[in-house]
Amino acid sequence: MQKMWAGRTSGETDRIADDFNSSIRFDSRMFRQDITGSMAHAAMLGAKGIITQSEAGQLIDGLQGILEDLESGKLRFDLSCEDIHMFVEQELTARIGEVGKKLHTARSRNDQVALDIRMYLRGETDEISGQLRALVGTLCDRAEQHKATILPGYTHLQRAQPITFGHHLMAYAMMLLRDLDRLGDCRRRMNLSPIGCCALAGTTYNTDRRMEAERLGFDGICRNSLDGVSDRDFAVELMGALSILMMHLSRFSEELILWSSWEFHFIELSDAYTTGSSIMPQKKNPDMAELIRGKTGRVYGDLLSLLTTLKGLPLAYNKDMQEDKECVFDAVDTVKMCLSVLTPMIDTMQVCADRMLQAAQNGFINATDLADYLVRRGLPFRSAYKVSGQIVAHCIAQGTVLEKLPLETYRGFSPLFDEAVYEAIDLQACVSRRISEGGTSVQSVEEQIAYVREQI
Ligand code: ARG
């Protein structure tokens with residue numbers, strides 16, 4: 001096939017080589033960015049007198065028509081084109097004739113593709129941030145409903161101290177808030193325009209890069225043309241932020257999976273977000289949560305893939321860089337899908353507060369509070385810790401729990417015990433005494449919710 005870039009070469013490229021070289025199958029999704037970028041470029045060329053205003057007008061109208069026809073489905077991508085940039089230019093020239101060939105003045109595909117992908121990822125970053133805000137909002141709502149619902153908090157997956165379910169959910173809200181912040185940082189560095197860097201060295205035409213940048217919603221321009229066409233940091237950074245986000249979603253999913261097991265039975269996921277087994281009639285599987293956990297590996301892989309692609313590249317553009325797209329597109333698509341199932345799954349899950357309480361009641365998770373009681377009566381913490389440990393061992397040997405141990409037995413361990421010990425180890429009291437900032441008391445959870453709501 002004769003190429004738009006035929007000139008230096010005249011022999012035709014091999015068909016298989018064409019397929020290998022082409023990126024239109026995956027970069028066609030950037031058609032809006034490509035066309036709006038070209039419209040801004042045409043307008044700048046006209047404004048600066050590099051082409052006439054009438055020519056600029058024809059280019060812009062032609063591009064507008066292509067955009068509309070692609071949106072409506074009237075126009076289909078020609079997969080024999082090398083990429084979306086070639087396709088749009090070819091279609092434009094077919095529609096408006098010779099003047100179409102002026103669009104590529106003072107520009108290269110190198111700065112064009114860098115522009116398109118920045119604009120595309122900027123939109124995706126905003127969309128993901130919006131989804132993330134919705135998830136954090138849902139977590140706040142559920143935490144509000146369960147700010148006094150007691151469950152065991154774990155360390156080493158061993159029952160540790162009583163906490164509230166609201167407190168537990170707000171821990172995830174805090175992580176996601178940092179993810180949101182990271183996406184914001186990333187967007188700020190991403191939002192600089194590379195258009196006008198041209199192939200690598202800038203251009204001899206009297207262009208106005210800032211005019212184009214402003215028109216396309218950028219905060220500024222890339223200040224070195226080699227860097228502008230070579231930089232893919234923003235995509236790496238985005239995937240880094242998305243990997244951390246997925247790590248959080250995966251940990252949360254793991255807990256949802258554990259909690260939905262019969263052994264825990266702390267929650268029941270809505271039928272809408274579970275599946276049955278094809279053979280075992282009793283099963284209700286948390287597939288969606290498992291898939292989120294599973295897809296985390298895939299997003300990490302996307303990040304590693306681009307980092308590895310870039311590590312040995314000399315400046316400036318190298319065709320290797322075409323490999324930036326599939327991984328970053330996969331990462332954003334995956335994250336968006338995960339968020340779109342996770343939020344309603346959290347919104348609709350049933351919380352089995354009685355099961356949580358039961359689990360909290362029989363695991364000596366108030367033993368720290370027993371020690372603190374003795375400390376308040378004057379015993380040094382280390383000694384109090386030891387006495388409490390002995391009492392726990394006694395209970396285990398006798399098959400009983402702290403709440404049921406008679407006062408005489410307590411007094412056998414230490415004369416400091418009196419009736420008030422039962423109030424001190426009451427789970428509700430254990431929780432409401434944890435008033436330190438960021439602690440699990442109802443008041444602290446309310447403060448956390450208010451803070452997070454304000455942030456989103
Ligand atoms: N399809 C190419 C890419 O995605 C566009 C840039 C091509 N530039 C070039 N000089 N071959 O990276």
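A few comments on the model shown:
- Likely footprinting exposure, Met356, Met288, fewest C-beta neighbours within 10 Å first: Met288, Met356
- Computed over the chain: relative contact order in percent, which uses C-alpha pairs under 8 Å that are six or more apart: 16
- Those lysines that a straight Cα-Cα span of less than 21 Å connects to Lys319, excepting residues fewer than 8 apart in one chain: Lys3, Lys311
- Considering helices alone, the calculated mean residue ellipticity of the chain at 222 nm is -20000 deg cm²/dmol, with DSSP H runs of length four and up weighted by -39500 (n - 2.57) and normalised per residue.
- Longest stretch of the chain clear of exposed loop sites (GluC sites (Glu not before Pro), DSSP loop, at most 14 other Cβ atoms within 10 Å, sites excluded): 13-262.
- Looking at segment 67-160, the trypsin sites (Lys or Arg not before Pro) that sit in a DSSP loop and have at most 10 other Cβ atoms within 10 Å of their own Cβ are Lys74, Arg76.
- For segment 190-292, the relative contact order comes to 20 percent (Cα pairs under 8 Å, sequence separation of at least 6).
- For segment 79-224, share of DSSP beta bridges that run antiparallel, in % to the nearest 5: 75
- Bridge orientation summary for segment 146-249: considering DSSP beta bridges with both residues in this region, about 75 percent are antiparallel.
- Legend: ranking of residues Ser261, Ser38 from fewest to most surrounding C-beta atoms inside 10 Å; resulting order Ser261, Ser38.
- The residue list Ala384, Asn318, Leu307 was ranked by how far each Cα lies along the charge dipole of the chain toward its positive end, using unit charges on Cβ atoms, and Ala384 comes out on top.
- Here segment 383-456 and segment 11-36 have alpha carbon centers that stand 65 Å from each other.
- Partners of Lys386 within straight-line reach, counting lysines whose Cα lies under 30 Å from its Cα and excluding those fewer than 8 residues away in the same chain: Lys404.
- In this structure the amide hydrogen of Ala160, modeled in the peptide plane, comes within under 5 Å of the amide hydrogens of Gly153, Tyr154, Thr155, none closer than 5 places in sequence on its chain.
- Candidate aspartates and glutamates - alpha carbon under 17 Å from Lys284, same-chain residues fewer than 8 apart omitted: Glu254, Glu255, Glu263, Glu268, Asp271
- Among Phe87, Phe77, the order by Cβ neighbours within 10 angstrom, fewest to most, reads Phe77, Phe87.
- For the chain, the dipole from Cβ point charges (+1 on Lys and Arg, -1 on Asp and Glu) about the Cα centre works out to 780 debye, to the nearest 20.
- Farthest toward positive dipole pole in segment 87-179 [+1 Lys/Arg, -1 Asp/Glu at C-beta], among His104, His167, His146: His167
- DSSP H segments from the chain that extend 15 Å or more along their own axis, Cα-based, with Kyte-Doolittle mean of 0.0 or above: 31-47, 84-96, 233-259, 287-310, 324-348, 381-398
All of the numbers you see were taken from the coordinates with simple rules; none came from a lab. None of the values given here were measured: they were computed from a predicted structure. Cβ atoms come from the backbone with ideal geometry, glycine included; neighbour counts cover every protein chain shown.
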